[in-house]
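Trainee: Structure provided below as structure tokens; questions to follow.
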Amino acid sequence: MGSFYFPGDSWLHRMAAGWKLALLMLAGAGLMWVHDWRIQAIALFVVLCLLQQSGAHTRQLWRHISTLSWLVLALVLFTAWAQSPMAALEVALRMSALILAALLVSMTTPIAQMMDVVIWLLQPLQKLGWINSERVALVFGLTLRLIPELSLQWHEIREAQAARGLKVSPLTMGVPMLLRTLKRAQDIAEALDARQ
């Protein structure tokens, strides 16, 4: 599970990575300004239809969003308590549409293509000598690659503790997760140092 991407031959897979990232950015900006729940519901419906056209399976989608669903639920409940149920509905629709749209782009676009887009966008800054576009793209690619690995790591720790009969708590989950993440970060840093 080193990446969200899955191979396919849908029109979404064939679409250029630059267009997908640009549309995702515009959709995200637009949804942040929209406060009509009906428009947000339409946006969520469109994203769900696109996911269906991409060939993604329900089990595959749930595996990727199950961890984030708890965060969205907590945010929705807090909004309902702090503001109103209608505001909570808007948050639920907006967050669901944005998360699924980002997942759609990640599932239909190889990381290498997204890195190429980042390099292309940063070329003017590289010509000025301000940044190294390839290094920025590498960090971007590593970040995208590590997100699903962190989710897998969380599930592995939870399953291991359930097998030992331990109750799931922030402490029993948090400490092993932190240690594994730091170890993974150190391994990546050593690999990057060896590459230079």
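Trainee: Go through the stretch 7-22 and count every residue that is surrounded by 13 or more Cβ atoms within 10 Å (Cβ to Cβ) and more than 16 Å from the chain's Cα centre (by Cα).
Mentor: Final tally of qualifying residues: 6.
Trainee: Count, please, the residues in the stretch 120-132 that happen to be assigned to a helix (DSSP H, G or I) and open to solvent by 40 Å² or more (accessible area, probe 1.4 Å).
Mentor: Matching residues across the stretch 120-132 total 7.
Conditions tested, residue by residue: (1) modelled with pLDDT of 90 or more; (2) farther than 18 Å from Val91 by Cα.
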| position | (1), (2) |
| --- | --- |
| Trp19 | yes, yes |
| Gly30 | yes, no |
| Gln40 | yes, no |
| Leu44 | yes, no |
| Arg59 | no, yes |
| His64 | no, yes |
| Ser69 | no, no |
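Trainee: For the stretch 1-108, list the helices (runs of 4 or more DSSP H) that sit wholly inside it and hold at least 3 residues that are free of Cβ contacts under 8 Å to residues at least 40 places away in the same chain and among the small types (Gly, Ala, Ser); which are they?
Mentor: Because the criterion is at least 3 residues that are free of Cβ contacts under 8 Å to residues at least 40 places away in the same chain and among the small types (Gly, Ala, Ser), the helices (runs of 4 or more DSSP H) in the stretch 1-108 that meet it are 17-33, 58-82, 85-108.
Trainee: Would a scan of the stretch 75-90 turn up a residue that is within 16 Å of Met25 (Cβ to Cβ) and small (Gly, Ala, Ser)?
Mentor: No, because not a single residue in the stretch 75-90 is within 16 Å of Met25 (Cβ to Cβ) and small (Gly, Ala, Ser).
Trainee: Failed condition for Glu159, given (1) surrounded by 11 or more Cβ atoms within 10 Å (Cβ to Cβ); (2) farther than 21 Å from Val118 by Cβ, with all others met?
Mentor: (1)
Trainee: When you go through Arg145, Arg135 one by one, which is the residue that is under 26 Å from Phe4 (Cα atoms), at pLDDT below 75 and open to solvent by 70 Å² or more (accessible area, probe 1.4 Å)?
Mentor: Arg145
The values are calculated or read from the model by the stated rules, or taken from the named source; none is laboratory data. The structure displayed is predicted, hence computed values, not measured ones. Ideal geometry is used to build each Cβ from the backbone, glycine not excepted, and the neighbour counts take in all protein chains shown. The protein model used for the area step is the full one, side chains on, heavy atoms only, and it has no ligands, DNA or RNA in it. Shrake-Rupley method; radii C 1.70, N 1.55, O 1.52, S 1.80 Å.
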